[in-house]
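J.: This is the structure, below, for whatever I ask next.
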Amino acid sequence: MPPIPVAPENHSHVLAEFDLLDQLLSALRLDSGRLKCTSLAVSRKWLTLGTSAGGLHLIQREGWKQRLILTHKEGSITQVLCCPHDEDFIAVATSQGLVVVWDLQLERRGRPERIGISWEHRGQTITALCWDNNALRVFVGDLGGRVSFLRAGSSKLGKGSAFLMFPVQTVTTVDSKVVQLGYQDGRLLVSSLSRCYLCDTDREKFWRVGNKERDGEYGACFFPQSRGLSVGQPPLLYCARPGSRIWEASFNGEVLSTHQFKQLLACPPLPLITHRNEPHYNPEHKSSQSVAFPRLIYLGDQNLLTWTDSAIYIFTPQNGQVLLWTEVKDLVDIAVYRNELFCLHASGCLSHLSLLTVERCVERLLRRESWSLAASVCCMFQHSITTSRARKSIPIDRLEHLRSQLSSSSHPELLGQLDEVISKLEPLDSASSSRRSSISSHESFNILDCGIYRVISRRGSQSEEETSSIINQSTSEEERLKEFSFVQEDDQVDHDPQSGEHVEAERSEQGLQFHLPLAFRSKPPRMALQAVKDSVSSFVKKTTEKINTLQMNSELRQRPEFREGSQADATVPYGEEMDSEVYDDVPNAEADMQELRSATERAISQIQDPLVLLDPVCLTETLLEWLPVLERILGPVGQESPPSSDSQVDAPGEGRWEGDGLNSSSEQQEKMTTETLKEEEEEKRADCPEVGENRDQCDSPEKESEFSGNTHSEPVRVASPKPIPPDLLDYITQLATLYTELSCFRKQEKEQALGCTTFLRRYFFLLDQERVRRMCLLCHQDQPEVQSSFMEAMLEVTRSSKVVEVIQRGDLLRSLRSLRELQPWSSPPLLAHLHRLYEKHGEAAVRLFSQFYQTITPADVMTMAQQRHFLAYLDNLVQSRAEEQRLSFLQSLLDPESLRQDWLELALTHDAPKHYDTLTPDGQPRWHSHCFSWGYGRLLSLLIRLPADLPSKQKMAETCRGHGYWTGYLYLCCELQRRSEAFSTICQLDDISLLEEPEGLEPQSLEEWKLLIQLSQQCSSGGDSERGVGVNGNGWSNGSADCDRKISPESLTLMLARTAGPDRALAIVEDCGVQLSLSPQSKLVCELLRVTEKRQRAMILTMLERCDRFLWSQHT
C-alpha cells in the first residue's frame, strides 16, 4: 500500500458517508430496473422518496423505518418538497403536471389527505417547487416558464379552513424554463435559463437581477445573514453565472459583487470518506474549472452548496473561498437538511453524506470502530488532527487506542504514518493543561460540545505509594476493622439499618469539603478502608464458592474415605478443612486429566487403522470405550449420582453460616433474575406490540417447538468445566465430533451410548462448530431437535458479542452494518446472529441475508426461516446476480438436485393465484388465466429453464399444470416435444399472442396447422359461455381490439395466410373439414395479401431477369 498523501492545511472539512442506504432501497424494492427512485426531499424527521410508479415513501429518519406510502395515479413523481415550518405537509409534482399538497396528519393520527390540488401545469414538466416560509403556499415552476402558486387549507389554520378551496393563481411567465425557485420574507426569486427575476408577491412588483443575460441552467438562492455584525440584516441573493462565477446581490436585486471561483477550483478534489472504498487523494490533480452551477442551496453555517453530475462544491461566499469540492458520480439531485446531504444518482441509488470537520469525522469513525478508515483520515488530514483544538474531540489516548487496533501485518505503512502523526500532536491549551494532564494520568476522557467532561475511569490507576499512604494515615481504622468478623458485620447490616444510615451521614459530613467528586481525587481514609474491606469480603465469598464446588466434585467421584468419615470431618475447623480440600483435589485433577489423555490417545491410535475407521461397528465400539472416561471427567455435575444429603454437613461457626448464606443468596438471585427477565419481556411486549406480532409471524410451529418452546432436560454446556491442554483438546474435539456425526446418522443400539442431541448439548464445548453445522444441514428434516440444540448452543456462545446489543436495539440496518464489520466471518457465529435478526424482524431481515452468501448458504436459511420467507431470500439472492449469470448461479445452488422440485412447488404455492382462478373444475385451463401475475414469476421462469433429465422435466410439467402455471407448462411442453398438448392448452387459454410472440409456440408444419385449426374449432364451439367474462370480471365489449386476439379458425386462417398465402390457407381449412365464412374485414385482408403476393412475385421476376441480363452481358 503506497503512503497516504497529506492534504494542505486549508482543508478543514470533509464529506463523509456513514450510513449506507442500499439496504433501505432493497427493502423498499426500489433497486430493480422496473421501479426506481426519481425524487427526494428531507426534513428533521422524514426522508421522502418519490418513485417512477407514482408512489411516495415516507421514511422515518430515526431507525430508517417506513411509515407511509402515498400513491398517485397521475404519473411518476418528479418533484417532492417538505414544508420547512411544518413537517406534516408535503408538496408533490407528477409527470403529468399535477401538483398535490398532502396533510399527513401524523400528530393527530388521522389518514393523510390531499388538501390542495393544481392542474395549472397540465401537460408540462414541473421543474421547481418552493414553499412559502410563513404560510401554506407552494410556488410551482415548469418547463415553459410559467410560475404559479397553490394555497392549501388545513384544520391547523383554524375552524373552517379545511373546507376552503383556494384558487390557483399564476404569478408570472418568464422567457424560458424555470431552473430554480426561492422564497424569503415576501420575495420570490425565479431563475430561468437566461435571467434571474425578483418578485414582490405582496405588491406584485417584478424586477431583474443584474443586466447581463446567460444561456443555460444556472441556479439562484437566498442567503440569510445570521452571524456577526450582519445579524438582523435582510438576506443576500446569490446567482450563478458562466465560468464558475457567482453574483452577490442585495435583497432588492442590486448586484454588489462577483465571486470568481475558476482559479480557486484549480486544486485537487478531496476524497469522499466512505466504507465503500479507501479514500484516495491525488495532490497533482490540478486544473482550473469552468463550471456551470445548475442549483445553489444555502447550507447551514453560512455555506453555499452546488453540484454538477460529477462533483459537489461547497463555498464560503462571504470569505470568497472554496470550503471543499469532491467528486461524486452520476448526481441528479441533492436534498439538504442542516449539514446533511441526501444525494440521488442517475441509477436511482441514494447516498447519505455529512459535512463535518476532520476531527468530528475521525471521532465518529472511532465510535463506529472503523479503525483503518479513521487512521487513513488522520494521516491524510494530519494538519487538522495535530492541532490542540482537536484534542477536545480526539484525545491522545483515543489515537493510541486506534493504533493498537491496527494490525502490523496488514497495515504496516499506515501504522508508520499514524506514529508520525501521534508524535506531532500538540497538547491542549496551557490555561487548562495542568488540570487536564492530571485527569489524563488517571482517566480516559473527552470533552463534549456543551463543555461537559466525559470521564471514563481506569481501574487500578492509583499507585501503590498513594494506596499505602492512605492506609498508613488510618491505622486506627484498620484496628477497628480487625476487631470485626464478617459474621458480625453482616448481622449488623441486616439487623440495624439505622446504624448504616448514621455512618453514611457521618461520612457525608466529613466529605463536604470535596465539592467535585472526581475519580482522580484521593478518597477519605474511612472510604478507602471500606473499599478494602469489601474487596476482602468478596474474595472470601468467591473462595468459599470454589471450595464448595471442589468438595461436590470430590464427593461425586465416590471416594470411600470421604463418605465414611463425613461425620468426623464435620468437627474439623473451617480453615483446616479448606486447606485439605484444596490440596487433595489438585493431584486428583491431574490424575483425571492424565487418564483422559491416555484414553484419548488410545482411541485416536485405533481409529487411524482404516479397518476400524471404515467399519461403523468397530468405530462405534472404539468410541464407546472412550466415552465413559469422558463422562466421568468432563461430564456434568450430578450426572452419575446425585449428591446425597449426608455429604453436605456444615462445619460449625463461621463456615456454616457462610455456606447457608451463599446457598440462599444464589437461590434468591436466580429467582430475582428469572422474575426480572419475565418482567422485561412483558414490558417489551406491552411497549412494542408490533414486535410480538413479528415474532409470531416469523416463527412457524416447527420453529416454536425448536427454539422458543425447547423443553429439553439436558442443559447446553458451552464452556469446559476444567482447563484442558490445547494439544489434548484437539484430539478430544476430533473424537467428540466423530461421535456426534456417527450417532446422528447411525442408530445406536447399545444402552450405554448417548444420543446425538444429548451428547451435543452436554459436550458442545468440545465440538467442531463448522462440522456440526454441516451435519445439521443434512439431518434437520429427520432430526429437528439436533438443529434446535445446535442453534441454542450457538446463541449462548455468541451472547457476549457486541453485535447482540446492536441487534436487541431493533435497528436492522445498523445491525447489518455491525455484522459486516465482523469480517472475515465464521459460519456458525454469523448464523446465530442472523437467527436473532430473523426473530426480531422476520421477512425484512431474511431478504437482506443474501449479502452473506457463501458464508451462509440457502440451506442454512431454509432451516431457520419459514417457507414463504425463504422464498423471498432465494428470490433476492438470485436477482442480486447479473441477468446472464442467474441461471448458472441458481444451478450451482441445487445441492442436491431434488431441491429443484421442492423450490418449484414452494414458488407455485406462495404468493400465487388461486386454483379456481387458473383451473376449471375438471382440471382444464381457465380462459386467459395465464395473464395472472405470479409473485415469484422471475424465480419460476429460471427454475423451469434449469437443465434436468427427462423424468424431472416431466414431473415439473405436471406440477406446473396442476397449479395452473401455464407459461411454464407451455415452455416445458415445447422442451419435451409435447406440442399437441401445448396447442390444446393455448386454444383453451384463447390468446393468439402465445403463438406469435418471440417466445411463442408457432406451428412448424401443415399437420400442426391442421391440428391447431381443429382444436380451435372445438374450443370455440364449446367454451363460448366461459369466454364472455374476463379474468378480473370485465366483459369484452363488441368491436374491442382484444377480440382480435382470440383464437378462432378465422384468426388462424389469417395467420396461416401471412405465412403460406391466402389461397393455400383456405385450401388447408377446407381439408380440415371446417366450414368457414370469412368476415368482410378478413376477406379484405386476403385480397390485400393476394395483391402483395403478386407484386412480390413480379418484383422477384424482374430482379431475376435483370440479374440474368447482367450475367450474360458479362459473359459476352
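The values are calculated or read from the model by the stated rules, or taken from the named source; none is laboratory data. Predicted model only: the values in this text are computed from it and were never measured. In this analysis, Cβ positions are derived from the backbone assuming ideal geometry, glycine residues included, and neighbour counts consider all displayed protein chains. Surface accessibility is based on the protein's heavy atoms, side chains included, excluding ligands, DNA and RNA. Shrake-Rupley method; radii C 1.70, N 1.55, O 1.52, S 1.80 Å.
J.: Note down, for region 301-413, the three equivalent ellipsoid semi-axes (square root of 5 times each alpha carbon gyration tensor eigenvalue), biggest first, whole angstrom.
T.: Working: eigenvalues 173, 69, 29 Å².
Output for region 301-413: semi-axes of 29, 19, 12 Å.
J.: Now, a different point. Of the listed peptides 208-216, 853-861, what is their order by residue-averaged count of other C-beta atoms within 10 Å, with the highest listed first?
T.: On the way: 208-216: 13.1, 853-861: 17.6.
Going by the mean number of other Cβ atoms within 10 Å, highest first, we get 853-861, 208-216.
J.: Let me ask something additional. Quick one: which residues, 5+ away or cross-chain, put their amide H under 5 Å from the amide H of V179? H built at 1.01 Å from N.
T.: Placed amide hydrogens put S191, S192, L193 under 5 Å from V179.
J.: If you look at just the Cα atoms of region 787-941, how large are its Rg and its Dmax in Å?
T.: 18.2, 60
J.: Apply the Karplus curve 6.51 cos²θ - 1.76 cosθ + 1.60, θ = phi - 60°, to the phi angles in region 797-804 and return the couplings in whole Hz, x for Gly and Pro.
T.: After applying 6.51 cos²θ - 1.76 cosθ + 1.60, I find 5, 8, 5, 7, 5, 5, 5, 4 Hz.
J.: Another one. Relative contact order of region 289-398, please, whole-number percent, based on alpha carbon pairs below 8 angstrom and at least 6 residues apart. Intermediate results must be reported in sequence, preceding the final value.
T.: Working: 145 pairs, mean separation 14.7, N = 110.
Over region 289-398, the number comes to 13 percent.
J.: Also, quick follow-up: Region 938-1022: percent of C-alpha pairs farther apart than 17 Å?
T.: Details: 1685 of 3570 pairs.
That fraction is 47 percent.
J.: From the phi of every residue in region 814-827, what ³J(HN,Hα) in whole Hz does the Karplus formula 6.51 cos²θ - 1.76 cosθ + 1.60 yield, where θ is phi - 60° and glycine or proline is x?
T.: In residue order, the calculated couplings are 5, 5, 5, 5, 5, 5, 5, 6, 7, 4, x, 8, 10, 4 Hz.
J.: Right, next: Any idea of the accessible area per residue across region 1-69, 1.4 Å probe, to the nearest Å²? Show your work: numbers first, answer last.
T.: Numbers: 3010 Å² over 69 residues.
Here the per-residue accessible area is 44 Å².
J.: Sticking with this structure for a sec: If you line up the Cα atoms of region 1-137 on their principal axes, what length do they span on each, largest first, in Å?
T.: In descending order, the Cα extents are 59, 39, 34 Å.
J.: Where Lys and Arg each count +1 and Asp and Glu each count -1, what net charge lies around G97 among other residues with Cβ under 12 Å from its Cβ?
T.: With Lys, Arg at +1 and Asp, Glu at -1, the neighbours total -1.
J.: What ranking of K1046, K392 comes out by heavy-atom accessible area, probe 1.4 Å, highest first? Working shown, then result.
T.: On the way: K1046 60, K392 95 Å².
Result, largest first: K392, K1046.
J.: Let me ask something else. Which pairs break 25 Å Cα to Cα here: K1010/K1046; K392/K424; K65/K392; K36/K953; K914/K955? Intermediate values should be presented prior to the final figure.
T.: Details: K1010/K1046 17 Å; K392/K424 16 Å; K65/K392 34 Å; K36/K953 36 Å; K914/K955 21 Å.
Over 25 Å apart, Cα to Cα: K65/K392; K36/K953.
J.: Let me ask something else. In what sequence, highest mean first, do 717-728, 115-126, 65-76, 967-978 appear when ranked by Cβ atoms within 10 angstrom? Kindly include the intermediate steps, with their values, before the conclusion.
T.: Details: 717-728: 12.3, 115-126: 17.8, 65-76: 15.3, 967-978: 19.3.
Ranking, from highest mean packing down: 967-978, 115-126, 65-76, 717-728.
J.: Tabulate in residue order the Karplus-calculated ³J(HN,Hα) for region 59-66, using 6.51 cos²θ - 1.76 cosθ + 1.60 with θ = phi - 60°, rounded to whole Hz; enter x for Gly and Pro.
T.: The phi angles translate into 10, 6, 5, 7, x, 6, 10, 6 Hz.
J.: Follow-up. Per residue, how big is the convex hull of region 891-949 when only Cα atoms are used? Give it in Å³. Don't jump to the answer; show the numbers that get you there.
T.: Details: hull volume 6.2 nm³, N = 59.
Looking at region 891-949, the number lands at 104 Å³ per residue.
J.: Further question on the same structure: Give me Rg over Rh for region 765-850, both radii from the alpha carbons and Rh done the Kirkwood way, two decimal places.
T.: On the way: Rg = 13.1 Å, Rh = 13.5 Å.
Dividing the radius of gyration by the Kirkwood radius yields 0.97.
J.: Take the Cα radius of gyration of region 917-987 and divide it by 2.2 N^0.38 Å, with N its residue count; two decimals is plenty. All intermediate terms of the calculation are to be shown ahead of the outcome.
T.: Working: Rg = 11.7 Å, N = 71, 2.2 N^0.38 = 11.1 Å.
This ratio for region 917-987 stands at 1.05.
J.: Oh, and also: Under 5 Å between amide hydrogens, which residues at least 5 positions from L324 or on another chain qualify, with H placed 1.01 Å from N in the peptide plane?
T.: For L324, the qualifying residues are I314.
J.: OK, next. If amide H atoms are built 1.01 Å from N in the plane of the peptide, which residues on other chains or at least 5 residues away come under 5 Å of the amide H of Q289?
T.: L265, A266
J.: Can you pull the Rg over Rh of region 849-914, Cα-only, Kirkwood? Walk me through the numbers on the way to the answer.
T.: Working: Rg = 11.7 Å, Rh = 12.4 Å.
Radius of gyration relative to Kirkwood radius: 0.94.
J.: Region 345-391 to region 1-79: how many Å between their Cα centroids?
T.: That distance is 20 Å.
J.: Shifting gears a bit: Can you sort S12, S826 by solvent-accessible area, 1.4 Å probe, largest first?
T.: Values: S12 35, S826 65 Å².
The most accessible residue leads, giving S826, S12.
J.: With the other protein chains left in place, how much accessible area per residue, in square angstrom, belongs to region 251-409 at a 1.4 angstrom probe?
T.: Working: 6530 Å² over 159 residues.
Normalised by residue count, the accessible surface of region 251-409 is 41 Å².
J.: Another one. For region 857-991, state the average projected area of the convex hull of the C-alpha atoms over all orientations, rounded to one decimal in nm². Mind showing how you got there, number by number?
T.: Numbers: hull surface 33.1 nm².
One quarter of the hull surface, i.e. the mean projection, equals 8.3 nm².
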